[in-house]
Amino acid sequence: MIHVEHLTKDYGGIEAIRDVDFDVEKGEIVGFLGPNGAGKTTTMKILTGFMPPTSGKAVIDGFNVLEQSIETRQRIGYLAESVPLYGVMTVERFLGFVAEAKGVESKERSREVGRVCEACGLEGVRKRIISHLSKGYRQRVGLAQALISNPPLLILDEPTIGLDPTQIVEIRNLILGLRESHTVLLSSHILPEVSQVCERVIIINKGRIVATDSPRSLQSGRKGGDLIRLEVRGPQSEIARVLTEVPGITNVAQDRGPGEFEVRVEPGKDVRPVIAQQVVNNGWELLEIHRVALSLEDVFVQLVTEEEEGEQS
Amino acid sequence: MKGFLAVYKKEMYSSMASPIFYVTTFIFVGLMGYFFYASVAYYSLVSYQAAQNPYMVSELNLTAAVVRPFFGDMAIVMLFLLPLFTMRLFAEEKKSGTVELLFTLPIRSGGLTLGKYASAVSVFCIMLLGTVPMIVLLGSFGNPDWGVVVSCYLGVLLLASAFISLGMFVSSLTENQIVAAAVSFGTLLFFWLIGWVKSYIQGVPGDVAEYLAILGHLDDLLKGLIDSRDVLYYVLFSLFFCFCTLRTLDSRRWRS
């Protein structure tokens, strides 16, 4: 659906993105992840045909965004980061304008507006003037606007920013509901959100792609092995000594509080049964044991620091 | 013309919702009312004198004394007001970021340009309707030459179309509405006065300057003479600046 090749954008000497390559298949939900200023928005603006790349090419559904701009724009629903809306219009009128501009037949326009209003929870504010709406509702109007005419590809720049937790869940469910029938590329710097919605994440930093993988395999591929936390009641120093002797354990830390241990394990080994066995055999009380799941934050920090270390050496 | 109607309707709605339209229309109709009163009052004074002095009667002409100056004054008011009116066309969209929406919807630049241009001309026509009661009033008390009235309306409409096309082009160059208004006012004033150099420059350059002068082409129309050269001048002027706007919009594709 999206094919991007050696995309580079130069803002008068400042390189926003450099040599970006990626592909998004039909029906995928892909998250675009990166800190502020990483080049997420720039890439999306190029994909939607709002600005030209300095070099490289982007193809959407077989159409070049630069040369076949109208064809690509017809296939994209775009929610820009700034959520551009006409404040003087009512929600209904604004969505009607977008429907007309997207070439929805006049007979079907009101039905289409009704459909997206329902999908985005806008029925209650259809007659309200957009500039009087709250940030959350404006965000939803922006999303509704992108959904009009049911385009096969949705490009959503920070779709849940400014929403409250309930609204975030609603929008997330809405995006999940588009799975398979639509291709979705969304950007975010909120990592849990991306891991819940996306099958694949593209991590971008300083204008370059750092990693492309599923959230799950990014988490499992941690450097330095897994981390296990356990809480044991018993003689603390004795417990620590026994734990260090367990094969596979590389480090035991005891700095979290009384009775709590943090154990680092060699990659690919699960020593939890062995630990439990040892604790029981010694007559201590095992209160809790679990493997610490690596959050995308950790993955991100890891990837970015790796990158920087690589650059320095 | 993909997107023309959508843009046209949207623009009409935004113009009507904006206070700029109501303020400029109020000022326009108010000033025109004053000019109308002044020329009618002068005309009635002259008529009284003519009653005492019979050989002045042959000099009296309602069309020449009221209709022609009325539309001549209108052109001056338009010079001041229309830049205020066209300044928002693109600058506002750029400033508020809605240009990102417009440029990513499947609307062709041609449809966008013409939609905005046509809506601005339509809104001017609505402003112009405010002057119709004055002319009707004049017709109910006197007997103006209706042919000249029609020709005058055609003239100011052509003049407005030219002003609007230039204002729209300037607005597409900047995101600051004040800059757009100032530059289009200055440029229009220049086109207004360019004919002056005719007296000092001999030959072709002087003729060119005279032909380019935007007001010179209105004179014949205000006299009731519809000359194809004058109509063509305004049409070409409008087309040229609409084309420039189109090129400006398209330039974002290659300018980085």
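Computed from backbone phi with θ = phi - 60° and the Karplus coefficients 6.51, -1.76 and 1.60, the 3J(HN,Hα) list for region B:6-19 is 4, 5, 4, 5, 4, 5, 4, 5, 5, 5, 5, 8, 8, x Hz; x is used for glycine and proline.
Dividing the Cα convex hull volume of chain B by residue count, how many Å³ per residue is that? It would help to have the intermediate numbers written out before the result.
Details: hull volume 38.7 nm³, N = 256.
Spread over its residues, the Cα hull of chain B gives 151 Å³ apiece.
Using only side-chain charges placed at the Cβ, +1 for Lys and Arg and -1 for Asp and Glu, the dipole size of region B:167-256 relative to its Cα centre rounds to 420 debye.
Between the helical axis of A:165-177 and the dominant principal axis of chain A, each derived from Cα atoms, what acute angle in degrees is found, rounded to the nearest 10? Approximately 70 degrees, to the nearest 10. State the answer as a single residue: which of B:Gln202, A:Gln254, A:Pro35 lies farthest towards the positive end of the charge dipole of the protein assembly as shown, with beta carbon charges of +1 for Lys and Arg and -1 for Asp and Glu, about the Cα centre. My answer, from the dipole projection, is B:Gln202. Mean per-residue shielding of peptide B:104-113 is 6, counting Cβ atoms of other chains within 10 Å of each Cβ. Could you tell me whether region A:163-252 comes out rounded, prolate or oblate from its Cα gyration tensor? Rule is a ≥ b ≥ c as square roots of the eigenvalues, rounded for a/c under 1.5, then prolate if a/b exceeds b/c, otherwise oblate. In terms of gyration-tensor shape, prolate. Using every pair of separate Cα atoms, the Kirkwood estimate puts the hydrodynamic radius of region B:42-84 at 12.0 angstrom.
Could you tell me which of rounded, prolate or oblate describes region B:188-256, using a ≥ b ≥ c as the square roots of the eigenvalues of the alpha-carbon gyration tensor, with rounded for a/c under 1.5 and, failing that, prolate when a/b is larger than b/c and oblate otherwise? It comes out oblate by the Cα gyration axes. With all pairs of different alpha carbon atoms counted, what Kirkwood hydrodynamic radius in Å does region A:1-152 show? Result for region A:1-152 stands at 16.7 Å. Write down the percent of antiparallel bridges among all DSSP beta bridges whose residues are both part of the protein assembly as shown, to the nearest 5. The antiparallel proportion sits near 65 percent. Would you mind finding the longest exposed-site-free stretch of chain A, with exposed trypsin sites (Lys or Arg not before Pro) meaning DSSP loop and at most 13 other Cβ atoms within 10 Å? Segment A:27-126 is the longest. Where the alpha-carbon atoms of region B:139-254 are placed on the principal axes, they occupy 57, 42, 25 Å, in descending order. For a straight C-alpha distance cut-off of 17 angstrom, the aspartates and glutamates reachable from A:Lys269 (same-chain residues fewer than eight places away being disregarded) are A:Asp226, A:Glu245. Of the cross-linked pairs A:Lys45/B:Lys94; A:Lys57/B:Lys94; A:Lys9/B:Lys95, those separated by over 19 Å at the C-alpha level are A:Lys57/B:Lys94; A:Lys9/B:Lys95.
Remark: relative contact order (region A:96-159) = 37 percent; criterion is Cα-Cα distance under 8 angstrom and separation of 6 or more residues.
Evaluate the relative contact order of chain A (contact order divided by residue number), counting alpha-carbon pairs under 8 angstrom at least 6 apart; express in whole percent.
Numbers: 569 pairs, mean separation 58.5, N = 313.
Contact order relative to length: 19 percent.
Within the protein assembly as shown, the percentage of alpha carbon pairs spaced more than 48 angstrom apart rounds to 36%. By the compact-protein rule of thumb, 2.2 N^0.38 Å, the alpha-carbon radius of gyration of chain A corresponds to a ratio of 1.26.
Using only alpha-carbon positions, what ratio does the radius of gyration of region A:121-217 give when scaled by 2.2 N^0.38 Å?
Numbers: Rg = 14.6 Å, N = 97, 2.2 N^0.38 = 12.5 Å.
In units of the globular-protein estimate, region A:121-217 measures up at 1.17.
Note on A:65-73: average number of Cβ atoms from other chains within 10 Å of each residue's Cβ is 3.
What you get for region B:77-201, charging only the Cβ of Lys and Arg (+1) and of Asp and Glu (-1), is a dipole of about 140 debye around the Cα centre.
With the cut-off at 27 Å, tell me which of the pairs A:Lys40/B:Lys10; A:Lys40/B:Lys2; A:Lys40/A:Lys127; A:Lys127/B:Lys10 have Cα atoms farther apart than that. Before the final figure, lay out the partial values.
On the way: A:Lys40/B:Lys10 31 Å; A:Lys40/B:Lys2 30 Å; A:Lys40/A:Lys127 34 Å; A:Lys127/B:Lys10 16 Å.
Correct reply: A:Lys40/B:Lys10; A:Lys40/B:Lys2; A:Lys40/A:Lys127.
Residue by residue along A:100-106, Cβ atoms of other protein chains within 10 Å of the local Cβ number 5 on average.
A Cβ-based charge dipole, computed about the Cα centre of the protein assembly as shown with Lys and Arg at +1 and Asp and Glu at -1, lands at about 1300 debye.
Relative to the longest principal axis of the Cα atoms of chain B, the long axis of helix B:68-86 makes an angle of roughly 20 degrees. Between 0 and 90 degrees, the angle of helix A:135-147 with respect to the longest Cα principal axis of chain A falls at about 70 degrees.
None of the figures in this text is laboratory data; all of them are computed from the coordinates on show. Fair warning: this is a prediction, and the values are worked out from it, not measured in the lab. Methodologically, a virtual Cβ is constructed for each residue, glycine included, from the backbone with ideal geometry; neighbour enumeration extends over all protein chains shown.
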